[in-house]
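Working notes for the structure below.
The values are calculated or read from the model by the stated rules, or taken from the named source; none is laboratory data. Since this is a predicted model, take the numbers as computed values, not measurements. All Cβ positions, even for glycine, are placed from backbone atoms using ideal geometry, and neighbour counts span all protein chains on display.
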Amino acid sequence: MQHIAERYTGASVRRSEDPRILTGSGRYVDDVRLPGMLHAAFVRSPVAHARITRIDVRAAAEAPGVVLVLTGEELERSLVPGPGIAAMFSRGAPVPAFTTLASDKVRVVGDPVVLVVAESRYLAEDACELVEVDYEELPAVMTPQAARDPASPAIFEDLAGNVLMHSPVAVFGDVDGAFARADRVVRADLRQHRHQNAPMECRGVVCSFDPESGELTVHSATQGVHIVRTTLSTALGLPPEKVRVLAGDIGGSFGLKLGAYREDVACAAASRQLGRPVRWMEDRLENLTFSGQAREESFEVEAAITNEGEILGLRVKMTIDTGAYPGMGTMLPELVKTMIPGPYKIGALSFEWTAVVTNKASYVAYRGPWASETWVRERMVDLVAMELGMEPIQVRLRNVATRETPPRRMVTGRSLAGVTAKESLEAIASTVDLPSFRRLQAGAREHGRYLGFGVATYIEPAPGPLEGKGGGGIMGPEQIRLRLAEDGTVTLFTSQMPHGQSHQTTFAQIAADEFGVPIEQVRVVVGDSDLVPMGFGTGGSRAATMAGGASLHGARALKARVKEIASHLFEAGAEDIELSGGSVAVRGVPASAMSLAELARAARAPGRLPPSLAGDVEVTAAFDGGEGGWSGGSHAAIVEVDVETGQVRVERYVVAEDCGTLINPAIVEGQVRGGVAQGIGAVLLERSVYDEETGQYLSSTFMDYVLATACEIPRIEIEHLETVPLDADVNFRGVGEGGMIIAPPTLCNAIEDALSPFSARVLEQHLPPARILELIGAIPAG
Amino acid sequence: MTSFDVELTVNGVPRRGSVEARRTLADFLREDLGLTGTHLGCEHGVCGACTVLVDGEPARSCLMLAVQARGADVRTVEGLAPDGEMNRLQEAMWDSHGFQCGFCTPGFLMQITALLAESPEPTEAEVREALSGNICRCTGYESIVNGVLLAADAAISHE
């Protein structure tokens, strides 16, 4: 079926990724087969915190099929010491010293200790069984409270204790004045549990070092090929141009697959040592136990409010459990600080934070990494409403900034230009008829049925208003390269590395419209560090604005180049050249028409064009985000809580989202629904559980770390608002993270509302049946 | 380690191999036969990405040994569009924007193929129940359910 559209942008064009994905012909890293390829497996720590006193690999080295066994000490000799990717995200926090494979200490269950490379994965794992490691166990430091105790055993000897960083108190506005003016103060200690990204494809890498050329080729499941190249070339002491990173289809990531991990470095070094390709595919046990975890943060919050429901100010203390090895845990609190006022007129904020090290898996980015700002704020708004006996949506409408009235900035300084929280809340109110729901709820309670309604609102800097400053937000401008191939197709090279986001469709839509060719004539190339421009890759919901904008401006530049070439070929003014339907012609002279393929060939033909235009028809462009703008919206849930079993059922879920101009509504809706599903799972099902005594990880299978299925996730109703264009051309805004940012508070608010007859206050994000029964007093709190 | 001969039919083609007893059917398909369309998501039988049809019934190829498939008729995702033309289910999934990253996709497609063979016009509740053993981390399932209903020519109901 061919979709015919005036413009592709704005239409739910079918995905160009699907013909390969639906037929089993996608190519994921686990599908890469190279001649002579060997297989890696890791001996990992069975304990959370210990000194390594002895490693004996002799039996493993002699086992059938084993080619190489490397301990941490041996591996380190072939590497350039340094913090690797940790330094990139540490943002001024101290970065402790550690080796790629643990050599003196292990600091988390699953810590890699020995690398075994063999002719098959089966044989590599057999040999891992033969490695003997003696551990002298140390007490495991498993909670922020334990980490704050100066008597806790130092996880890293070169850090002063297990508190990694404590920020100064940041003060915005007149905080003391706000609390002095307040009629009341609402206090709450709020906590988020430890989530997992859990992409369906685990991490994986195939490293292939060519001893002849000295070049390392790496096939990686990653969100960005250049970060992998940088981290591996640094660790191995190779010039970056000798490292080529390739990525094919990626089976999800949600923030996990950023840069080269310690295992990737070990495999690259092993391949260099052996001169043969070395492949490692993480298994799910390794993935859940060690790859990374996210979100474990707690907050002490005070809100200064008036009796009319105005929120005058907040005092916030945040603690983040970064896990064992440095990850993103010291980067996020500053983002949380900046974003916590959200779309609200909150006039005063004090914020301080503490990051601690524990013997848990490292803190990694996960879909909307700073999302706790929304969870905490939206929880507090409902607690304020409860305190005052007001309808929560009314408290929101009273406090949100509007486009008509000041302030035009968050108290933390970010512009609120184009914010549409009020509009999305009103859209929710009109979709869900709240007065009639309240009547239904009251009636149901009389029959022992507990229904609840919850609403929450958020904005996401994707990339946020840029106020004429450009710059592209925290990850900088986005580059792109476009070439008119000799068959007349437009090839677009992007540093974005889609892993489910459908960029090969959406960028093609934009470029096809701007350049003026059918979408089938646009090819989007990703995942080759030798071909695509330097860039961060995919993350931070930046692709829509940044790479979408780069696609638009790049296609515009390519069109100008084509017209310039045509004007030479036709000896006509560039302004008289028309480009449509895959050919160029002099306006009003149809007989002059030349296909784009002919033009591309003519440009390469000797002597037909001046040197400045001759050769490949190719342009590069960079986009700085233009004026940018907020992505955001409001979500609402109606739930029923079974007070006998503690089971929560999501009866209805309603979304009013504003991501600016939609590129492809079906793809936007897929991103929204997927994020909401992860949020529902996070609240009702998923949790990373550790034994706090031993440090053992208890959620190491999908029977323990439970993901939502088609039976738990309801249909999700979505209304799109496309409210405020800030930029002349580019008003696409990122929508990948929003659902996961806003669904947890939406659901928590609904559950608390359902439990209001029990005077339950929801102070944590994880609400499985047992916790629900505790909240209503059916079982004692444990 | 002792090897065993295995003969079976995969996507209508007779195949044979010599495998260790411990070799999983998934590894046999992916490594020995080069049929990498079947994916491994958890290797402990929960996620369903590795689902194939064994004599018409969905089976977790990560939990089944290759030797257990002796003489069986195995179908994988590669068998759904043998001549390059997508079948009705694949077309419906394309039209419905069914999947995103595509990693769980082969398992869903095989599970749905079994469902539609047994129940050509399932209700939405039946579809969701039938898919409850397959995990997708990307989509929230609605687009997949829509694809099944579209494939079954069932009207999409918002009930």
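In this structure, is A:Leu238 more than 30 Å from A:Gly309 (Cα to Cα), modelled with pLDDT of 95 or more and in a strand (DSSP E or B)? Considered against the rule, which asks whether it is more than 30 Å from A:Gly309 (Cα to Cα), modelled with pLDDT of 95 or more and in a strand (DSSP E or B), A:Leu238 comes out as no.
Taking the conditions (1) under 30 Å from A:Val131 (Cβ atoms); (2) away from every other protein chain (no Cβ under 14 Å); (3) among the aliphatic types (A, V, I, L, M); (4) surrounded by 15 or more Cβ atoms within 10 Å (Cβ to Cβ) in turn, A:Val80 satisfies each one other than (4). In the range A:707-733, the residues that are within 14 Å of chain B (Cβ to nearest Cβ) reach residues that are polar (S, T, N, Q) with C-beta atoms within less than 6 angstrom, at least six apart or across chains, in these pairs: A:Thr709/B:Ser132; A:Ala710/B:Ser132; A:Cys711/B:Ser132.
Counting only residues that are under 23 Å from B:Asp55 (Cβ atoms) and polar (S, T, N, Q), which one in the range B:115-133 is farthest from the other protein chains (Cβ to nearest Cβ)? Only one residue fits best here, namely B:Ser119. For the range A:240-283, the tally of residues that are basic (Lys, Arg), more than 17 Å from the chain's Cα centre (by Cα) and within 14 Å of another protein chain (Cβ to nearest Cβ) stands at 1. For the range A:533-580, a residue qualifies if it is of a type in the set (Val, Ile, Thr) and touching a Phe, Trp or Tyr at 6+ places or on another chain (Cβ under 6 Å), and exactly one does: A:Thr545.
Count of the range A:328-358 residues, restricted to those that are more than 13 Å from A:Glu296 (Cα to Cα) and part of a loop (DSSP other than H, G, I, E, B), is 9.
Selection of the range A:1-32 for residues being more than 8 Å from chain B (Cβ to nearest Cβ) and either without any contact (Cβ under 8 Å) to a residue 12 or more places away in the chain or touching a Pro at 6+ places or on another chain (Cβ under 6 Å) (or both) yields A:Gln2, A:His3, A:Ile4, A:Ala5, A:Glu6. The residues listed here are A:Val419, A:Val411; of these, the one that is within 25 Å of A:Asp176 (Cα to Cα), assigned to a loop (DSSP other than H, G, I, E, B), over 22 Å from the mean Cα position of the chain (by Cα) and among the hydrophobic types (A, V, I, L, M, F, W, C) is A:Val411.
The conditions of being free of Cβ contacts under 8 Å to residues at least 60 places away in the same chain and either touching a strand residue (DSSP E or B) at 6+ places or on another chain (Cβ under 7 Å) or under 24 Å from A:Val432 (Cβ atoms) (or both) are met by A:Arg649. Restricting attention to the range B:68-107, the residues that are polar (S, T, N, Q) and over 24 Å from B:Glu142 (Cβ atoms) add up to 2. Report whether or not A:Thr746 is among the hydroxyl-bearing types (Ser, Thr, Tyr), under 25 Å from the mean Cα position of the chain (by Cα) and not in a loop (DSSP other than H, G, I, E, B). Criteria met by A:Thr746.
This table checks each residue for (1) under 30 Å from A:Glu201 (Cβ atoms); (2) of a type in the set (Asp, Glu); (3) in a loop (DSSP other than H, G, I, E, B); (4) under 17 Å from the mean Cα position of the chain (by Cα).
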site	(1), (2), (3), (4)
A:Gly454	no, no, no, no
A:Pro463	yes, no, no, yes
A:Gly471	no, no, yes, no
A:Ile474	yes, no, no, yes
A:Asp487	no, yes, yes, no
A:Gly500	yes, no, yes, yes
A:Phe507	yes, no, no, no
A:Glu514	no, yes, no, no
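Taking the condition touching a residue at least 12 places away in the same chain (Cβ under 8 Å), touching a Leu at 6+ places or on another chain (Cβ under 9 Å) and either assigned to a loop (DSSP other than H, G, I, E, B) or within 14 Å of chain B (Cβ to nearest Cβ) (or both), does A:Gly679 pass? Criteria met by A:Gly679. Note on the range B:82-113: among residues that are of a type in the set (Gly, Ala, Ser) and buried (at least 19 other Cβ atoms within 10 Å of the Cβ), the one that is nearest to the other protein chains (Cβ to nearest Cβ) is B:Gly102. The residue that is surrounded by the fewest Cβ atoms within 10 Å (Cβ to Cβ), among those in the range A:190-222 that are within 12 Å of chain B (Cβ to nearest Cβ) and in a loop (DSSP other than H, G, I, E, B), is A:Asn197. Helices (runs of 4 or more DSSP H) fully within the range A:82-168 that include at least 1 residues being touching an Asp or Glu at 6+ places or on another chain (Cβ under 9 Å) and in the same structural domain as A:Met37 (by TED's automatic domain parsing): A:121-128.
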